[in-house]
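First the structure, in the form of structure tokens, and then the observations on it.
Readers should treat all values here as calculations from the given coordinates under stated rules, not as data from a laboratory. No experiment lies behind these values; they were computed from the predicted model shown. Cβ coordinates were reconstructed from backbone atoms using ideal geometry, including for glycine residues, and neighbour counts include every protein chain displayed.
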Amino acid sequence: MQVISAIEALRKTVRDWHKADLSVGFVPTMGNLHAGHLALLKEAARHCQQVVASIFVNPLQFDEERDLLAYPRTLEADIAQLESMNVDVLFTPTEASLYPHGREALTRVEVAGLGGILEGAARPGHFVGVTTVVTKLFNCVQPDLAVFGEKDFQQLLLIQRLVTDLNMPITLVGLATVREPNGLAMSSRNRRLSVEEREIAPLLYRELQAIRNAVLHENSDYTVLEQAAIERLTCQGFVPEYVAIRDANTLFAINNNTKNRVILAAARLGDTRLIDNLRV
Ligand code: PAF
């Protein structure tokens with residue numbers, strides 16, 4: 001595996017692959033890799049002949065400086081995992097190369113509407129940071145296909161919208177959330193959970209399952225279901241931010257045109273903010 005930091009060197013490598021008619025799959029990450037990331041890489045390799053992964057802890061998407069500073073940086077261990085997955089190139093851009101005019105005076109990419117609800121409302125500025133950096137990474141890597149996890153369901157929808165609205169020639173693939181045997185969605189944040197919190201954390205997914213069962217049994221009192229879940233989570237020790245049953249295509253409230261539904265939740269457990277979702 002080649003580790004490339006310079007954008008020009010990366011572009012040359014990808015240009016050569018494209019000249020040789022090789023397809024390029026891309027998995028952007030912020031590092032601290034776990035089994036969820038490895039599943040994304042496997043999926044990219046299933047579709048494409050060459051695979052690029054990136055590691056860049058994007059300062060623009062953190063709403064709290066202390067969260068950015070605390071984000072685990074584990075490059076050596078990440079490289080070892082990527083090598084075992086037969087990744088062709090690891091792209092590790094510097095902040096100066098991705099943000100040449102600094103973090104403030106820069107062109108930003110915003111998906112209006114969808115970017116302002118749920119996670120967007122809870123974490124102002126977060127999604128502009130995500131869609132801006134993903135646009136930049138796509139411009140650097142120029143992949144044919146990119147794979148994102150459904151764990152960050154709203155992020156995936158936003159990136160789908162971004163790709164369509166900006167006519168990017170990239171196929172997007174969303175991959176089902178990889179879970180621990182107890183149901184907890186895999187996330188780099190899980191490493192911050194204490195032993196006691198690890199026991200409680202899977203209850204978030206269990207709440208989503210309970211709501212799904214109720215909805216499948218024709219319970220359409222969505223507000224009541226959401227509120228009851230918030231109360232149960234609070235009793236279990238979470239500080240819930242939202243539990244929402246939404247249209248899976250728009251993330252807006254369910255209406256007569258809704259074909260697919262999704263249940264989304266965000267809750268704090270101690271110092272760790274957990275998010276999860278489940279399609280109905
Ligand atoms: O999902 C993530 O890890 C990040 O939001 C992403 C897509 C790599 C952008 O920084």
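Once you put a point 7 Å from the Cα of Arg11 and another 7 Å from the Cα of Ala228, both along the Cβ direction, what distance in nm separates them?
Output for this residue pair reads 5.7 nm.
With the crude spin-label approximation of a point 7 Å out along Cα→Cβ, what separation in nm comes out for Val195 versus Ala105?
My value for the distance between the label points is 5.3 nm.
With springs only between Cα atoms under 10 Å, which of Asp16, Asp63, Asp152 fluctuates most in a Gaussian network model of the chain?
Comparing Asp16, Asp63, Asp152 in a Gaussian network model of the chain, the most mobile one is Asp16.
Against the longest principal axis of the chain, how steep is helix 153-165, in degrees 0 to 90 to the nearest 10, with axes from Cα atoms?
Tilt of helix 153-165: around 50 degrees.
How much length is gained on full extension from Ala210 to Ala35, taking 0.36 nm per residue of separation minus their Cα-Cα distance?
The Ala210-Ala35 span can extend by a further 60.4 nm.
At 0.36 nm per residue, minus the direct Cα-Cα distance, what do Ala112 and Glu83 gain on full extension? Give it in nm, one decimal, please.
6.6 nm
Which FRET efficiency, nearest 0.05, do Leu166 and Glu218 yield, Cβ-Cβ r, R0 45 Å?
0.65
Count neighbours as other Cβ atoms within 10 Å of each site's Cβ, and list the GluC sites (Glu not before Pro) in region 1-83 that are DSSP loop with at most 12 such neighbours.
In loop regions of region 1-83 (DSSP not H, G, I, E or B), the sparsely surrounded GluC sites (Glu not before Pro) are Glu64.
How far is helix 203-216 tilted, in degrees, relative to the longest principal axis of the Cα atoms in the chain, given as a value from 0 to 90 rounded to the nearest 10?
The answer is roughly 70 degrees.
Could you tell me the distance between the Cα centroids of region 232-280 and region 81-122, to the nearest Å?
24
Provide Asp78, Asp67, Asp165 in ascending order of the number of other Cβ atoms located within 10 Å of each residue's Cβ, fewest first.
If I rank by nearby Cβ atoms, fewest first, I get Asp165, Asp67, Asp78.
How many nm is it between the label spots at Arg268 and Ala253, if each spot is 7 Å from the Cα in line with the beta carbon?
2.8
Hey, fewest Cβ within 10 Å first, where do Thr164, Thr29 land in order?
The fewest-first ordering by Cβ neighbours comes to Thr164, Thr29.
Only sites in a loop by DSSP and with at most 11 other Cβ atoms within 10 Å count here; which GluC sites (Glu not before Pro) in region 138-238 make the cut?
Working: sites: Glu150, Glu196, Glu197, Glu199, Glu207, Glu218, Glu226, Glu231; in loops: Glu218.
Filter output for region 138-238: Glu218.
What's the FRET efficiency of Ala96 with Tyr242 using the Cβ-Cβ distance as r and R₀ = 25 Å, to the nearest 0.05?
Computed FRET efficiency for Ala96 and Tyr242 comes out at 0.10.
Can you tell me the length gained on complete extension of the stretch Leu68 to Leu22, counting 0.36 nm per residue apart and subtracting the Cα distance?
Gain in length upon complete extension: 12.9 nm.
Give me the distance between the Cα centres of region 1-79 and region 154-219, rounded to whole Å.
20
Output the 0 to 90 degree angle, nearest 10, between the alpha-carbon long axis of helix 35-47 and the longest principal axis computed from the alpha carbons of the chain.
So the helix axis and the longest Cα principal axis differ by about 60 degrees.
Straight distance only, please: which lysines reach the Cα of Lys136 with their own Cα at less than 27 Å, same-chain residues fewer than 8 apart left out?
Partners found: Lys12, Lys19, Lys42, Lys151.
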